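Visitor: Quick one: this structure, given as structure tokens, is what I'll be asking you about.
Every number here is computed from the coordinates shown, using simple stated rules; none is lab data. Everything numeric here is computed off the predicted structure, so don't read it as measured data. Reconstructed Cβ throughout: ideal geometry from the backbone, glycine too, with neighbour counts over all protein chains shown.
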Amino acid sequence: MHKPKVVFPFVEAGFGHIMTEKSIADAFEKKYGDLCDVERIDFYKNGGKGLTEYEKMLCREVRSYNKCHAYGYFMTSFLSLWGTKISSWCVMQVLVPGAYKEAMERMNSLKADVVVSTHWTTNYYASKADNKPMTIMYIPDAHANEMFLYETDLSMISMKEGYEAALKKNKRFNEDNFKLVPLAIRKEAFEVKGNKKELREKLGHDDKFTIYLTEGGYGIGLTETLCEKIIEKNLNVTVIAVCGKNPELKARLDKLKEKGTGNVSFYPYGFTEKVLPMIASSDLYMGKSGNGLMEAAFFGVPIVVTHSANKIEKNLAEHYVTYVKDAVRIFEVDKCLKFIEEAINGGERYMSLLKADIKKEDFGSEKIADEIFKKINEKFKLTEE
């Protein structure tokens with residue numbers, strides 16, 4: 001029996017894409033790895049100059065969106081105005097000279113039967129590969145933006161409002177090739193055990209009202225100013241400040257800690273693997289919109305969205321504010337500080353967020369893996385349906 005080669009290409013363009021790709025790959029390989037030849041690849045790593053420059057461009061754009069929100073909103077709106085085909089052609093084939101040729105050489109060299117993507121770039125390459133592999137896409141956003149509308153054999157999304165909007169607006173989608181699935185959270189989230197007190201003890205943190213501050217993997221946003229204000233107010237709280245891949249911010253927060261933080265138990269971190277237990281140990285999650293909101297929701301931690309870098313992140317925040325009802329949007333430091341003080345004292349706004357109806361069955365990649373295998377099995381007849 002031919003074992004189809006299923007490739008999971010990883011792309012760094014915001015860490016939400018990497019985390020969801022890994023979650024889905026883990027679930028698929030665990031359940032169907034004996035029936036398929038599973039390969040994971042960091043698509044842009046260890047390639048030629050074009051691939052290296054293209055990944056740098058993707059990361060640079062994400063950072064630029066976070067530094068200048070107006071630019072982020074402009075670019076996402078501009079791509080929407082251009083439409084899927086023109087936007088895809090321009091971004092994929094024109095923007096970085098030489099990158100498209102190298103990317104197609106790499107995609108063709110994989111000789112994949114199936115390519116499962118969580119980022120639109122690798123889906124685009126797969127759709128144009130010489131051997132015409134099956135293309136499967138998980139959309140990690142609230143809505144399918146223009147770049148995610150390029151042709152696939154199967155697309156999946158986790159947020160009902162985005163699913164219904166795409167079915168209504170895009171003739172390409174139907175109930176056979178577009179599926180509503182649970183959120184692709186990391187399997188490690190299910191492995192976090194213990195109540196808040198126990199988790200704080202394991203982490204070496206003080207057991208009191210805990211605020212988790214983050215501005216995404218690149219650590220750009222309000223974190224530093226918020227830390228300064230919380231320390232200035234001398235609030236009796238624990239602050240976990242995760243700086244991601246921003247060593248300059250981490251260094252500044254370390255200096256802030258050295259000066260003394262009074263009643264504030266202050267724990268600055270760089271890029272860390274302890275994010276999930278840290279979030280689970282917290283009473284309040286504050287940071288930019290992104291896939292971190294999914295993890296806070298999973299652990300039932302109320303959310304304050306401190307900024308959205310573009311329209312995509314705005315839609316994601318809207319999902320948690322309007323539909324899940326476990327989040328509020330507060331973009332000004334002083335208002336964030338006021339909300340923290342209210343939360344410490346059990347304020348009404350904070351308590352209402354704790355009442356959000358969050359179901360664990362809305363999370364996890366096993367059902368996503370099942371949909372992927374079902375599609376593969378239709379073509380390759382690996383098992384009797």
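Visitor: Let me know the charge dipole size of the chain about its Cα centre in debye, to the nearest 20, where only the beta-carbon of Lys, Arg (+1) and Asp, Glu (-1) is charged.
Guide: 460 debye
Visitor: Given 0.36 nm per residue, what is the gain on full extension from K49 to K169 after removing their alpha carbon distance, in nm?
Guide: Gain on extension, K49 to K169, equals 39.3 nm.
Visitor: Counting pairs of alpha carbon atoms under 8 Å apart in space and at least six apart in sequence, what relative contact order in percent does the chain give?
Guide: Once divided by the residue count of the chain, the mean separation gives 17 percent.
Visitor: Sort 341-348, 262-269 for me by packing, meaning the mean count of neighbouring Cβ atoms within 10 Å per residue, highest on top.
Guide: Answer by packing, highest mean first, reads 262-269, 341-348.
Visitor: Turning to a different aspect of this structure: Measure off 7 Å from each Cα along the Cα-to-Cβ vector at E188 and E361, then give the distance between these two points in nanometres to one decimal.
Guide: Going from the E188 label point to the E361 one covers 2.8 nm.
Visitor: Let me ask you something else. For R329 and S109, compute 0.36 nm times the residue count separating them, minus their Cα-Cα distance, and round to one decimal in nm.
Guide: Value of the extension gain: 74.6 nm.
Visitor: Still on this structure: What's the center-to-center distance, using Cα atoms, between the range 148-203 and the range 271-335 in Å?
Guide: Result: 16 Å between the Cα centres.
Visitor: Give a residue-ordered list of calculated ³J(HN,Hα) values for the range 40-55 (Karplus: 6.51 cos²θ - 1.76 cosθ + 1.60, θ = phi - 60°; whole Hz; x for Gly, Pro).
Guide: 10, 8, 6, 4, 8, 7, 6, x, x, 4, x, 5, 4, 5, 5, 5
Visitor: Now for a different question. To the nearest 20 debye, what is the magnitude of the charge dipole of the range 191-360 about its Cα centre, counting +1 on the Cβ of each Lys and Arg and -1 on the Cβ of each Asp and Glu?
Guide: In total the dipole reaches around 180 debye.
Visitor: Which cross-chain or sequence-distant (5 or more) residues have an amide H under 5 Å from the amide H of M134, H modelled 1.01 Å from N in plane?
Guide: Under 5 Å from the amide H of M134: V114, V115.
Visitor: Just the Kirkwood number for the range 191-360, please: inverse of mean 1/r across all distinct Cα pairs, in Å, one decimal.
Guide: Every distinct Cα pair counted, the radius reaches 15.8 Å.
Visitor: Tell me which residues come under 5 Å, amide H to amide H, from V38 once H is placed; ignore anything under 5 positions away on its chain.
Guide: Those lying under 5 Å, H to H, from V38 are V6.
Visitor: Something else about it: What whole number of Å gives the distance from the Cα centroid of the range 222-267 to the Cα centroid of the range 359-385?
Guide: 44 Å
Visitor: Based on the alpha carbons, how large is the Rg to Rh ratio for the chain when Rh follows Kirkwood?
Guide: 0.98
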